[in-house]
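Q: Have a look at this one.
Each value in this text was obtained by applying a stated rule to the coordinates, not by laboratory testing. Here the structure is a predicted model, which is why all the values come from computation and not from measurement. For neighbour counting, all protein chains shown are included, and Cβ atoms are generated from backbone atoms with ideal geometry for every residue, glycine included.
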Amino acid sequence: MHTVLGSASTKVVIGDDQPFCVIGERINPTGRKKFQEQLRAGDLSQIEADVAAQVEGGAHVLDVNMGVPLADEVDLLSRAVRLAQSLTDLPLCIDSSVVEALDAGLAVYQGKALVNSVTAEDERLDAILPLVKRYGAAVIALPNDEDEIPMSADRRLELTDKIIDTAAGVHGIPIEDIVIDPLAMPIGADTSVVGVTLETISKIRAAYGVNMTLGASNVSFGMPGRHTIGAAFLAMAAKCGLTSAIMDARSPQIVEAVRAADLLLGNDAWGANWIAAHRAKQAAG
C-alpha cells in the first residue's frame with residue numbers, strides 16, 4: 001500500500017516496498033526558546049537554516065509546526081508553509097493541534113500534504129477529517145482517545161479500526177492516505193513500552209497493511225545516548241512494518257540506521273542507495 005505525498009514538483013512514496021521515509025522534525029519550536037522568541041516577533045528566518053540542514057541530512061519530507069504560546073499560529077503556519085516551499089521541493093507535513101491553523105496551512109500548500117495529526121477522539125475526527133478530505137491530503141492518526149493512551153497493542157488496534165472506519169467509511173478518505181502512529185513512549189519511564197509499540201506495529205501491518213509513522217525521539221526521551229537508542233529502535237521498527245518516522249534528519253547515526261535497514265530488508269536494490277551515500281560521504285570528507 002502506497003501513500004503518495006507531493007509538492008508542486010516532487011512526489012514521495014511511502015510503502016513497505018519503498019525506502020524508509022525520513023520526515024524531518026526540526027521545524028518545530030518545542031524546546032527551542034530562541035526560536036520561540038523569534039516566532040513571536042514574526043521572524044521566520046531560522047526556518048531557512050532548518051530546511052537546509054534537514055535536506056542535507058537526507059530528509060524526504062519536512063514537518064512544519066508553529067505551535068508557540070502567545071503567538072498567532074494561524075498566520076505563522078501559513079507563512080511557514082509558503083517559506084518552506086520556496087526553499088525546497090520536498091513535500092511537507094503540516095503539524096498543528098489547532099484546526100484553524102491546519103486549514104490555513106493546507107490552503108496555501110502546493111501539492112499533496114501530510115496532516116499531523118488526528119486522534120480517535122470523536123471531536124477531533126469530526127473537526128480534522130473533513131479538512132483532510134477537502135484538501136486531498138493524507139493524515140497521521142494516533143490510536144488514543146479522550147479516555148486513555150492505551151498501554152496494550154490490542155486496544156491500540158481497536159482504536160485504529162475506529163479511525164480507519166471513520167476516515168475511509170464516513171469521510172471517504174482513501175485508506176492508503178491514512179498513516180497510523182502506533183504510539184512511541186519513553187523507555188526511560190517504562191522499559192516495557194517499546195515492546196508494546198513494536199507489537200502494535202506488527203498487528204496493524206497484519207490487519208490493515210497501512211503505512212505507519214511515529215515520533216522517533218519519544219522513545220529515547222530522558223535517556224543518555226539518545227541517537228544510539230533511536231538508531232536501534234528504528235531498525236527494529238522497520239522490520240516490524242514501520243515505513244516512516246518523524247525524526248532528526250540532522251543525525252547521521254539515525255539516518256544511516258534506517259538506510260542500513262532498507263538494505264537489509266530488501267528495499268535498496270543492489271545496495272545502490274547505500275553505496276551512493278557512502279561514496280558521497282567519502283567525497284565530502
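Q: Restricting to bridges with both residues inside the range 3-284, how much of the DSSP beta-bridge set is antiparallel, in percent to the nearest 5?
A: Once the DSSP bridges in the range 3-284 are tallied, antiparallel ones form about 15 percent.
Q: Could you rank the peptides 263-272, 86-95, 69-78 by their average count of other C-beta atoms within 10 Å per residue, with the highest value first?
A: 86-95, 69-78, 263-272
Q: What net charge do the residues around Ser217 carry, taking every other residue with its C-beta under 9 Å from that of Ser217, with Lys and Arg at +1 and Asp and Glu at -1?
A: Once all neighbours under 9 Å are counted, the net charge is -1.
Q: In the set (1) 130; (2) 145; (3) 167, which value of volume of the Cα convex hull per residue in Å³ was calculated from the structure you see?
A: Recomputing volume of the Cα convex hull per residue in Å³ here gives the entry labelled (1).
Q: Separate question: Could you work out [θ]222 nm for the chain from helices alone, using -39500 (n - 2.57) per DSSP H run of at least four and dividing by all its residues? Round to the nearest 500 deg cm²/dmol.
A: One gets -14500 deg cm²/dmol as the mean residue ellipticity at 222 nm.
Q: When only Cα pairs under 8 Å and 6 or more residues apart are kept, what is the percent relative contact order across the range 221-283?
A: It rounds to 31 percent for the range 221-283.
Q: Taking 8 Å as the Cα distance limit and 6 or more residues as the minimum spacing, I'd like the relative contact order of the chain as a percentage.
A: 20
Q: Further, regarding this structure: Among 144-156, 173-185, what's the highest-first ranking by average C-beta atoms within 10 angstrom per residue?
A: Top to bottom by mean Cβ count within 10 Å: 173-185, 144-156.
Q: About the Cα centre of the range 32-155, what is the dipole size in debye to 20, counting +1 per Lys and Arg Cβ and -1 per Asp and Glu Cβ, all else neutral?
A: For this selection, approximately 520 debye.
Q: Report the net charge of residues surrounding Val74, where surrounding means a beta-carbon distance below 15 angstrom and charges are Lys +1, Arg +1, Asp -1, Glu -1.
A: My count for the surroundings of Val74 gives -3.
Q: Okay, next question. Could you size up the charge dipole of the chain around its Cα centre, putting +1 on the beta carbon of Lys and Arg and -1 on that of Asp and Glu, and report it in debye to the nearest 20?
A: So the magnitude is around 1020 debye.
Q: Assign one of three labels to the range 185-285, namely rounded, prolate or oblate, based on the Cα gyration tensor with a ≥ b ≥ c the square roots of its eigenvalues; rounded applies when a/c is under 1.5, prolate when it is not and a/b is larger than b/c, and oblate otherwise.
A: Because a/c hits 1.5 or more and a/b fails to exceed b/c, the range 185-285 counts as oblate.
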